[in-house]
1. Which peptide among 263-273, 204-214 comes first, and what is the full order, when sorted by highest mean count of other Cβ atoms within 10 Å?
2. If you bin the C-alpha pair distances of the stretch 247-295 every 10 Å from 0, what whole percents do you get?
3. Kirkwood Rh over alpha-carbon pairs of the stretch 522-658, then Stokes-Einstein at 10 °C and 1.306 mPa s: what D in µm² s⁻¹, rounded to an integer?
4. For the stretch 178-258, list log₁₀ I(q)/I(0) at each q in 0.14 Å⁻¹, using the Debye formula over Cα point scatterers of equal strength and ignoring solvent, two decimals each.
5. Measuring from the lowest to the highest alpha carbon on each principal axis, how far does the stretch 424-557 reach, largest first, in angstroms?
6. Please give the peptides 179-191, 321-333 ranked by average Cβ packing (other Cβ atoms within 10 Å per residue), highest first, as a rough proxy for protection.
7. Excluding Thr468 itself, what net charge comes from residues whose Cβ is under 15 Å from its Cβ, given Lys and Arg +1 and Asp and Glu -1?
8. Applying a 10 Å radius around every beta-carbon, put 579-591, 362-374 in order of their mean neighbour count, most first.
Amino acid sequence: MKKYLLVSFLFFINAFLFSASLSIDYIVMHGSNGTSDFDVSPGEEVTVQVKYDATGGDFMSIDGIRYVNSTYNHKLGVFWYDTDPPSGAQDGGSVVSVSGDNDFTTGSDQTNDFTFIMPTYSGASSIQITFLIYGIDLAFSEITSNQYTSYLTIGSWSPASESAPSGWQKYLSYTDDTSTEAPTLDLPLATSTIGTSFTFQYDQPETAYEGSVKITFTQTGGTTDPNSPHVLEVLSEASGTDISFTLHGANLGGAPEVTVDSGGNSLVDDAEYTVKIEYQDLAQNTAASDQNSGVLYDDDESIEASGGDYNAGASFAPGSTNNAYFWLYLKKSASGTALPVDDITFDTTGSMDANDIDNIKIWSSTDNSFSSSSDTHLLTISSGFDPLVFNFSPDEQIGQSGYYYFLTIDVSSGASGSDAIGAQIEYASDIDAYSAAVLGTFPITGGEHPLPVTMSSFTAQFTNGSPTLYWTTQSETNNEGWNIYRGTSQNMGQTILVNAGGLILGQGTTSEPTDYIYTDQNGVVENTTYYYWLESVDNGGETEMFGPISLTIPLGGGNSGTPVAPGNYGLYQNYPNPFNPSTEIRFALEESGKVILTIYNTKGQKIQTYEVDVQADIVESVLWDGRDDFGRQVASGIYFYKLQTNKESFIRKMILTK
């Protein structure tokens, strides 16, 4: 006869002190599948694990498991003893063989595993399995002699006391289970009519085997359903009453608890169904079921949902507002009265936290392009960003033409440059449309938009016969590098890649400002205006575009007569850095004049000095080849460079590597 283990246990206990010390941390027992609730039969292997600390002495071993007759309330004892089993307790029983590491090893945090075969018993419909540990160097008479028994108990207990500690019987109940208790199907009721969205409710007396309950819709009248029967599976179902969720007749797998096993995802309008629920209990007894017949399905329209990423690849600067990053399109599937939508729930994705966000907003639009000036702002959320629940009042009315919905983010000025944000709608039920079914492919997922590269300037000048590009970032996140594109119009589709020799390396992740300079060596034509775009490429292949900026090539090949003023003044970070063998040091001033650029080592000794005449609003540069004033190559290490003007001085650090 099959038996079923109902209750498992894990007790923290402290054992006894003899000439040696043994402290039991826990004893736990489980069946062959290793879980606390399991199906077990006579002849099945069971494991007992003991964790303990032992110091000093010569500890004996667990030698067997004993089945005891009704006098001892159908108990099995796990015995640890000196030589032979004690007398008395084994009367009417038989020794059960135990295999495993029987020796108790001296030391802390030791574990022993023992296995035995569940015995066959007769009599009462349940037994208790009890663990009793015996001490060494004592004479054994009977199991019930308290002074000779080290019981398992919470806390400390001395065997010198003449009575057993309270609560010493730690056991597992082992009872018969020969049938699955029948469920009750509460909703939908027999001979009732259901719409596209309806409540499914039932009572389930026992926990379902593998957490799976089966629902079946079988067409028995009305319009023919060629996909009948529709078989659904409800996952992770524990026992309980009034278990309920919302099902959608046009999207049966749209609820988070439900998946469609077979028969298609949609019921047929005006078809009549028999609805059945069934499950097996954990003992895998024969499935029990309940059903209601004559359930009519009446399709009263549905809403179609689609959406995903918006502004793919874009990153959002700290302090920026109304950055659109996710779109959702809702429309009614057929003509007729508009269907109300009460709320929409979005899950926030990415590595952002609440400190990165000032607000998240939702907007509606009649087209698929977002504009904060022309689209309708519906709601703003300033906290509780995951999940995002937009509850509309009044409800959104969805007709056949539909609406586009956009999520935007206002990024905090202190947002982390290593964070990103995205959104998704996990289930159809996250769009609460009352009685209407929501159709679509779920989850609807958008990409993650980083908050990383903060561009503070991007300019171009014609110097020394070539276009030269300058840009500065305030921070970068996972920035692998840069591409530069050039064209003769603002149509980026007609451009060339300027840096055809390879990616211009970025700084990876940094919160420090970085200055870049790049000379366009491709041929240019006098009196022609060129447009430049800068592309940031992260380590995952995502890109972000900056620009365009324009530069007109002067007649005669001279420097541009109207250069664009630098985005910031002072001494820029050298590039590249670290460097070998040379690096470019750049600077720009608001006023013309003579400046001195000096390079020092870490001891404060001058290595190289340059005097430079500068013009206001022009980015000047000095190339240092890693040599001193005498032309000698200097060693690898850290160096400082100082720019001295007639009003102020600037200093930065650089690294020479070899």
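1. Working: 263-273: 19.9, 204-214: 17.6.
Per-residue mean Cβ counts within 10 Å order the peptides as 263-273, 204-214.
2. The distribution over the stretch 247-295 is 21, 43, 30, 6, given as percents.
3. Details: Rh = 17.3 Å.
D, rounded to a whole number, is 92 µm²/s.
4. Each listed q maps to, in turn, -0.51.
5. So the three principal-axis extents are 75, 33, 25 Å.
6. 321-333, 179-191
7. Result for the local shell: -3.
8. 579-591, 362-374
Laboratory data are not the source of any read-out in this text; all were calculated from the coordinates shown. Keep in mind that what you see is a predicted model, and the values were worked out from it rather than measured. Note: ideal-geometry Cβ built from the backbone for every residue, glycine included; neighbour counts use all protein chains shown.
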